[in-house]
Structure formats: structure tokens, C-alpha cells
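I have placed the structure first, in the form of C-alpha cells, so that the comments after it can refer back to it.
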Amino acid sequence: MTQMAIEEGDRIPAVTLTDGEDQPLVLQDHAAGEIFVLYFYPKDDTSGCTREAQDFSALLSEFQLAGARVLGVSKDNAIKHQKFIAKYDLTIPLATDAEGAAMEAFGVWVQKQMYGKTYMGIDRSTFLFDTDGKLVRAWRKVKVPGHAVEVLEAVKELANS
């Protein structure tokens with residue numbers, strides 16, 4: 001399968017996710033007029049994904065002070081997201097991309113390999129959009145430790161530019 005991954009300068013793709021209440025969330029509308037951080041992660045309640053969600057949650061008020069919205073996305077459904085949020089007292093909103101349309105648009109649905117087996121999965125990635133909905137920075141193949149802080153610094157730079 002060939003993918004046209006979003007690149008810096010591109011606008012937020014016209015895709016619809018499902019929010020934590022199992023309602024449609026149009027990505028362009030959700031991000032309109034604000035700095036927007038969108039991060040894709042593989043699976044609720046796994047060690048790296050939990051740490052990433054906790055890190056973004058811990059910094060959520062600072063993101064908001066800088067005028068940014070943050071949204072995490074995986075293929076997990078709203079019920080799994082709600083359990084994940086409750087279990088770890090997360091404050092970050094989570095959305096579902098069950099059909100994979102956003103993952104395709106962002107080029108994060110990729111072939112992976114573990115223990116000699118090849119499979120399709122989500123490449124942990126984060127995307128930063130300006131208030132006009134243009135991509136200003138992308139982090140791909142994210143390593144969790146320190147990542148949320150790095151994204152927050154980029155948000156602050158963008159907010160002050």
C-alpha cells in the first residue's frame with residue numbers, strides 16, 4: 001500500500017475520528033484557530049503508551065496556557081479509552097481512528113517487525129499544527145522519555161513567534 005504522508009506546510013487532513021464519547025470528531029474543526037498537537041500511539045494501557053499519555057497529561061495545563069490543544073489517537077475504541085483514562089487519571093483527550101483514515105493520511109500505519117514477525121501497526125508520531133491548520137513540525141518514531149517536554153517547548157516557540 002502506498003501512502004502520501006503529510007509533510008510540513010500541509011494542512012490538517014480532512015478526516016473524521018471518534019471522540020471519547022463515541023461521537024464523530026472532525027479533525028479540521030477540532031483544531032480550528034488553535035495551536036494543535038496530535039499524537040498517534042499504538043495501544044492503550046501498554047507501558048510506553050501509558051507513560052506518553054501520563055507525560056502529556058502532566059503538562060496539559062502548560063500546553064493550554066500556550067494556547068494549544070492536545071489530542072491522542074489510537075485504534076482503541078471509546079470504551080477502552082475511558083478505562084485507560086480512568087485507570088491512570090489521564091487528563092488528555094483521546095480519540096479513535098478505527099478505520100485508519102487518519103493513520104493513512106499521516107503515514108503512521110506502517111509495517112513493523114518484532115521477534116521476527118512482520119505486522120502492520122502504528123508508528124508512534126506527533127504532529128504540531130499552527131493556528132491556520134498548517135503542519136509546522138512532525139516527530140516520527142518517537143521515543144517517549146522527554147518527548148512531551150520537547151513538544152511543549154516547540155509549542156511555546158510557535159506561540160511566541
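The values are calculated or read from the model by the stated rules, or taken from the named source; none is laboratory data. What you see is a predicted model, and the numbers here were worked out from it, not measured in a lab. For neighbour counting, all protein chains shown are included, and Cβ atoms are generated from backbone atoms with ideal geometry for every residue, glycine included. Quick note on the areas: whole protein, heavy atoms, side chains included, nothing else; ligands and nucleic acids left out. Shrake-Rupley method; radii C 1.70, N 1.55, O 1.52, S 1.80 Å.
In nm, to one decimal, how far is the modelled label at E150 from the one at E21, with both set 7 Å along Cα→Cβ?
3.5
Only four residue types carry charge here, +1 at the Cβ of Lys and Arg and -1 at the Cβ of Asp and Glu. Report the dipole size of segment 88-161 about the Cα centre in Debye, rounded to the nearest 20.
Taking the Cα centre of segment 88-161 as origin, the dipole is about 400 debye.
Which value, in nm² and rounded to one decimal, describes the direction-averaged projected area of the C-alpha convex hull of the chain?
Mean shadow area of the hull around the Cα atoms is 9.1 nm².
For the cross-link pairs K43/K143; K80/K134; K43/K117, which exceed 22 Å when the distance is taken from alpha carbon to alpha carbon?
The answer is K80/K134.
Please state, rounded to one decimal and in Å, the Kirkwood hydrodynamic radius that segment 1-77 gives when every pair of distinct Cα atoms enters the mean of 1/r.
Evaluated over segment 1-77, this radius sits at 14.0 Å.
Considering only protein heavy atoms, what per residue accessible area in square angstrom results for segment 38-161 with a 1.4 angstrom probe?
Value for segment 38-161: 49 Å² per residue.
Whole Å is fine, so just give me how far the alpha carbon centre of segment 70-136 lies from that of segment 22-48.
7
Between Y115 and A58, what FRET efficiency follows from the Cβ-Cβ distance if R0 is 30 Å, with the result rounded to 0.05?
0.40
When a/c is below 1.5 the answer is rounded, else prolate if a/b is larger than b/c, else oblate, so apply that to segment 53-120 with a ≥ b ≥ c taken from the square roots of the Cα gyration tensor eigenvalues.
Note, shape of segment 53-120 comes out prolate.
Tell me the mean residue ellipticity at 222 nm calculated for the chain from its helices only (DSSP H runs of n ≥ 4, each -39500 (n - 2.57), averaged over every residue, nearest 500).
Calculated at 222 nm, the ellipticity per residue is -9000 deg cm²/dmol.
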